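Structure first, then comments.
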Amino acid sequence: MSRGGGLKMTRLLSLAIALAALAWGCAADAPVPRSTCTPSADSILCAAVAPMQRARVARIVDGDTLHVEVDGRDETVRLFGINAPEVGQPCADEATARLRALAAGEVRLLPDARNRDRYGRLLRYVYARDGLSIDAALVAEGLALAWRKDGALRLGIIAVEEDARDGHKGCLWDK
């Protein structure tokens, strides 16, 4: 198989995993979070949450920022792996609503190389209680772009974005 064919296959597999995870109970209307994926080294959408920091969600600011209570402290968290549209931009309302649904109640936080951004917000990959990567899910649904500058999960989330773009998922792409 050519190198390009292998990359396309990886992107297709990432998209298939994303869609399966969302279809199997990670949707906004799922009444009880349930395990929808099996963590593995090659899955960008699913991770074991046991070693991650637990946080209670206080409120959602926009499609890539939320306020949480962690270890008795109020913190503003910026999702490390994505860049969602700003308030007033196309797709911002959809991204904010989806983050609110995916992060309902409690999330798990995974740090990366940078701890805080220039505004003092914690930078974290954010996961639902069942292990679903909220960063990757928002990108897979076409509601946010992958963060391209740094981060351990950057390449995987970029691949998810390329699949969403190719499939015209969500509201970010011209249809």
Query raised in the report: Within the range 91-106, is there a residue that is aliphatic (A, V, I, L, M), within 27 Å of GLY72 (Cβ to Cβ), free of Cβ contacts under 8 Å to residues at least 60 places away in the same chain and crowded, with 20+ Cβ neighbours inside 10 Å?
Result: yes
Query - Criterion: at pLDDT 95 or above and over 13 Å from ILE60 (Cα atoms) - qualifying residue of ALA101, ALA97, ALA146, ALA152 - result: ALA146
Requested in this report: Answer yes if at least one residue in the range 73-84 is without any contact (Cβ under 8 Å) to a residue 24 or more places away in the chain and farther than 18 Å from TRP147 by Cα, and no otherwise.
Outcome: yes
Report task. Kindly indicate which of ALA159, ALA136, ALA146 is surrounded by 20 or more Cβ atoms within 10 Å (Cβ to Cβ), touching a Ser or Thr at 6+ places or on another chain (Cβ under 6 Å) and not aromatic (Phe, Trp, Tyr). Result -> ALA159
**Report entry** Any chance ARG124 is among the charged types (D, E, K, R) and surrounded by fewer than 23 Cβ atoms within 10 Å (Cβ to Cβ)
**Finding:** no
Report summary line: Of the residues in the range 48-67, those that are assigned to a strand (DSSP E or B), closer than 22 Å to GLU141 by Cα and of a type outside the set (Val, Ile, Thr) come to ARG59, ASP62, LEU66
Query - Residue match in the range 50-67 (condition: modelled with pLDDT under 95 and over 18 Å from ILE157 (Cβ atoms)) - result: yes
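The values are calculated or read from the model by the stated rules, or taken from the named source; none is laboratory data. Everything numeric in this text was worked out from a predicted model, so none of it was measured. Ideal geometry is used to build each Cβ from the backbone, glycine not excepted, and the neighbour counts take in all protein chains shown.
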